[in-house]
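S.K.: My structure is below; once you've seen it, I'll send some questions.
The values are calculated or read from the model by the stated rules, or taken from the named source; none is laboratory data. This structure is a prediction, so every number in the text was calculated from the model and none was measured. All Cβ positions, even for glycine, are placed from backbone atoms using ideal geometry, and neighbour counts span all protein chains on display. Side chains are part of the model used for accessible areas, which takes the heavy atoms of the whole protein and leaves out ligands, DNA and RNA. Shrake-Rupley method; radii C 1.70, N 1.55, O 1.52, S 1.80 Å.
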Amino acid sequence: MAELSKTIDCIICGSCVVDILVRPVPLETSIGGGRLIGVDPIEVTTGGIVSNSGIAMSRLGMRAVALSYVGADQWGHLLRDRYREEGLLNEHLVTHPEGPTSTTAVLIDQSGERSFAHCVGAPELLDRDFFLQRLDLFGQSRMMLLGYYSLMPRLEADLAEIFAEIRQRGCLTALDAAGDGGSLEPLANILPHLDVYVPSHAEASHQTGKEDPRKIIGTFRENGAVGLLGVKLGSEGALLQTAAGEWIDVPAVEAPAPVVDTTGAGDSFYAGLLTGLLRNMDVAAAGRLAAACGACCVTGLGATEGLRSYEATARLAGLT
Ligand SMILES: Nc1ncnc2c1ncn2[C@@H]1O[C@H](COP(=O)(O)OP(=O)(O)OP(=O)(O)O)[C@@H](O)[C@H]1O
Ligand SMILES: [Mg+2]
């Protein structure tokens with residue numbers, strides 16, 4: 001019955017960034033001292049989990065909602081416009097009166113190596129009240145995804161309570177990490193309130209102090225995790241464990257075109273996984289859709305250029 005009253009498939013919350021791509025920049029030598037560097041036309045793309053997973057889920061046919069803060073500046077307008085073009089619902093992108101839109105200048109050298117100049121901006125101001133004031137919105141959604149753990153210090157101590165409240169509204173909860181992954185505190189308090197948690201290997205090993213993906217997942221379980229767990233393993237695919245304890249190896253899907261840029265592969269993987277679960281696939285099939293979505297992502301510059309439709313992605317995953 002609850003399912004019938006749901007008008008949203010997934011709310012994607014947290015990091016929501018404008019990326020300004022500058023290349024080629026010779027990163028091995030100093031660029032200081034007033035040097036002028038000639039570069040290719042400078043491009044602007046969207047980044048952060050709200051953009052990356054949100055646009056990916058929209059391409060996969062899901063009704064996805066972006067939830068975060070942007071600034072009262074031109075970048076906020078740019079994000080709203082891009083989301084609208086992609087069918088990612090933008091009416092819950094809130095303009096913060098003081099915080100600026102999150103922006104990153106991405107300096108890319110000849111080999112594709114990247115250095116970043118980043119302003120965290122308004123999403124850092126997301127707090128407990130922001131989420132607790134929107135529980136009715138979560139009640140309208142089948143699922144939510146928040147990112148990134150370890151990069152939202154203002155929010156982390158309250159995340160266990162926030163996820164518990166959201167879940168009580170019948171909305172499934174998922175979390176992604178980034179940066180170095182942070183530590184097991186306060187993650188251990190959050191794990192019992194998550195339906196899905198699949199960080200990358202580097203993040204998960206920083207959190208647990210373990211290298212072996214099975215031992216990493218074991219540590220999450222010992223700390224009270226009850227949902228679907230996993231570890232993303234880059235070009236090796238991923239290891240998942242269902243809530244019932246079944247291990248599922250997800251092999252990587254061969255990228256359907258040359259690998260151009262792996263930015264956003266993890267966020268695309270998450271989008272495919274959640275889409276599969278929302279379409280009532282079993283975990284193994286949802287994992288294959290996730291791997292296919294990650295494989296599409298790496299074929300394009302930025303996090304979303306390489307993404308394909310549900311039909312094309314499912315075909316690549318061998319699901320049709
Ligand atoms: N070169 C590749 N070829 C095919 N698939 C890939 C490749 N790289 C990544 N993938 C797919 O994307 C998924 C996620 O990648 P990865 O493990 O790098 O996540 P991540 O570290 O969270 O990435 P990100 O840096 O985007 O946050 C992998 O599990 C895999 O299925
Ligand atoms: Mg990631």
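S.K.: Provide the FRET efficiency to the nearest 0.05 for the residue 164-residue 105 pair, computing r from the beta carbons and using R0 = 56 Å.
M.R.: Working: r = 38 Å, r/R0 = 0.68.
Once rounded, the FRET efficiency stands at 0.90.
S.K.: Okay, moving on. Which of rounded, prolate or oblate describes segment 201-320 when judged by the alpha-carbon gyration tensor and an a/c cut-off of 1.5?
M.R.: It is oblate, given that a/c is not under 1.5 and a/b is not larger than b/c.
S.K.: So, one more: With θ set to phi - 60° and the Karplus curve 6.51 cos²θ - 1.76 cosθ + 1.60, what are the ³J(HN,Hα) couplings of segment 262-271 in order, to the nearest whole Hz, using x for Gly and Pro?
M.R.: For segment 262-271, the Karplus-derived couplings read 8, 3, x, 4, x, 5, 5, 4, 4, 4 Hz, x marking Gly and Pro.
S.K.: Compare the Cα positions of 99, 138, 60 along the charge dipole of segment 53-138 (+1 at Cβ of Lys, Arg; -1 at Cβ of Asp, Glu; about the Cα centre) and return the one farthest towards the positive end.
M.R.: Selected residue: 60.
S.K.: State to the nearest 20 debye the size of the charge dipole of the chain about its Cα centre, where the only charges are +1 on K and R beta carbons and -1 on D and E beta carbons. Write out the running numbers ahead of the final one.
M.R.: Working: 24 positive and 39 negative charges, 124 e Å.
In debye, rounded to 20, the chain gives about 600.
S.K.: Now for a separate question. Among DSSP bridges having both ends in the chain, what percentage is antiparallel? Round to the nearest 5.
M.R.: Numbers: 19 of 50 bridges.
Taking every DSSP beta bridge within the chain, about 40 percent pair in antiparallel fashion.
S.K.: Just to be sure I understand the model, the point goes 7 Å from the Cα along the line to the Cβ. What's the resulting residue 36 to residue 157 distance in nm?
M.R.: 5.1
S.K.: Restricting to segment 185-299, what percent of DSSP beta bridges are antiparallel, rounded to 5?
M.R.: Values: 8 of 11 bridges.
Taking every DSSP beta bridge with both residues in segment 185-299, the antiparallel ones total about 75 percent.
S.K.: Got a sec? Charge dipole of segment 267-320, +1 on Cβ for Lys and Arg, -1 for Asp and Glu; which of 317, 294, 269 is way out at the positive end?
M.R.: Sorting the options by dipole projection puts first 317.
S.K.: List every residue whose amide H lies under 5 Å from the amide H of residue 200, counting only residues 5 or more places away in sequence or on a different chain, with H placed 1.01 Å from N in the peptide plane.
M.R.: It is 177, 232, by chain and number.
S.K.: I would also like to ask the following. So which GluC sites (Glu not before Pro) in segment 1-65 end up in coil per DSSP with only 12 or fewer other C-beta atoms within 10 Å?
M.R.: Working: sites: 3, 28, 43; in loops: 28.
Filter output for segment 1-65: 28.
S.K.: Looking at segment 99-257, I'd like the Rg to Rh ratio, where Rg is from alpha-carbon atoms and Rh is Kirkwood's inverse mean 1/r.
M.R.: In segment 99-257, Rg relative to Rh is 0.99.
S.K.: Whole-Hz ³J(HN,Hα) for each residue in segment 72-82, computed from phi via Karplus 6.51 cos²θ - 1.76 cosθ + 1.60 with θ = phi - 60°, x for glycine and proline: what do you get?
M.R.: Calculated HN-Hα couplings, in order: 7, 8, 4, 5, x, 5, 4, 4, 4, 5, 4 Hz.
S.K.: Accessible area per residue of segment 212-320 at 1.4 Å probe, in Å²? Working shown, then result.
M.R.: Numbers: 4360 Å² over 109 residues.
Averaged over the residues of segment 212-320, the accessible area is 40 Å².
S.K.: Given the rule -39500 (n - 2.57) for each run of at least 4 DSSP H residues, summed and divided by the residues of the chain, what is its mean residue ellipticity at 222 nm, to the nearest 500 deg cm²/dmol? Spell out each step's value before the answer.
M.R.: On the way: 12 runs with 110 residues, N = 320.
Theoretical 222 nm ellipticity from helices: -10000 deg cm²/dmol.
S.K.: Right, here's the next one. Can you bin the chain into rounded, prolate or oblate? Criterion: square roots of the alpha carbon gyration tensor eigenvalues sorted a ≥ b ≥ c, rounded for a/c under 1.5, prolate for a/b above b/c, oblate for the rest.
M.R.: Working: a/c = 1.41, a/b = 1.23, b/c = 1.15.
Rounded, since a/c falls under 1.5.
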